[in-house]
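The values are calculated or read from the model by the stated rules, or taken from the named source; none is laboratory data. Please read all numbers here as calculations on a predicted model, not as lab measurements. Note that each Cβ is placed from the backbone with ideal geometry, even for glycine, and that neighbours are counted across all protein chains shown.
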Amino acid sequence: MNKKAHILYLLGFIIATVVSLNAGAKPMPQRLGIGIKDNTTQSIPSLAAIYNVNENFGLFGGLGFDTQKDYSKMQVNAGLRHVIFHETNLHFYTAGQLAIVNLEDPVEKQNGFELNVLIGAEFFLTGLENLGFSFEGGVGLASYKETRTRTVGDHPLKAGIIFYF
């Protein structure tokens, strides 16, 4: 292994150590979170809300739209999140999401739905305990003009950045 690779590994180790030392999960029962998500097949950024009913269950939903002439998009989604376990630096959860999607182009309008079954995690950084960053993965079913299944793998900028009150 060359010197450059050793330096990169060492730098990666230092960054991972610093991030893990500064992260801390926070119980979120009966807290409302507002933020952004972008986890539909058509990549429609959404305004999102999460309400944690108790320590283990949360309800979430979102609305995203783009009114571009002849190419409009709109989606509304809702889902349920179940926290499997709490780590010191994150909440590990499963979730189910249903989205209703409307797409338009100059030729036709399409209406359909998406159903996603997800596993994800939400983590918090010290000093930003009210700001959650999520990543998710799983399987999705999308039905517009035709039905398709897909794997889902969303990083924090797509799966969600949520501010909790």
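Just a few scattered comments:
- Complete set of residues in segment 114-129 that are β-branched (Val, Ile, Thr) and touching a residue at least 24 places away in the same chain (Cβ under 8 Å): Ile119, Thr126
Quick grid of which residues meet (1) in contact (Cβ under 8 Å) with a residue 24 or more places away in the chain; (2) out of contact with any Phe, Trp or Tyr (no Cβ under 7 Å at 6 or more places or on another chain):
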| site | (1), (2) |
| --- | --- |
| Pro45 | no, yes |
| Asn52 | yes, yes |
| Gly58 | yes, no |
| Met74 | yes, no |
| Phe85 | no, no |
| Phe92 | yes, no |
| Ala99 | yes, no |
| Glu104 | yes, no |
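- Qualifying residues in segment 139-165 (those that are without any contact (Cβ under 8 Å) to a residue 40 or more places away in the chain and β-branched (Val, Ile, Thr)) - the one surrounded by the fewest Cβ atoms within 10 Å (Cβ to Cβ): Thr151
- Asn111 being at pLDDT 90 or above and crowded, with 18+ Cβ neighbours inside 10 Å: no
- Among residues of segment 114-138, those that are surrounded by fewer than 18 Cβ atoms within 10 Å (Cβ to Cβ) and within 15 Å of Gln42 (Cα to Cα), counted: 1
- Candidates Ser143, Ser134 - the one that is polar (S, T, N, Q), at pLDDT 85 or above and touching a helix residue (DSSP H, G or I) at 6+ places or on another chain (Cβ under 7 Å): Ser134
- For segment 25-48, the set of residues classified as under 25 Å from Tyr144 (Cα atoms) and either at pLDDT 90 or above or touching a Cys at 6+ places or on another chain (Cβ under 8 Å) (or both) consists of Ile36, Ser46, Leu47, Ala48, listed by residue number.
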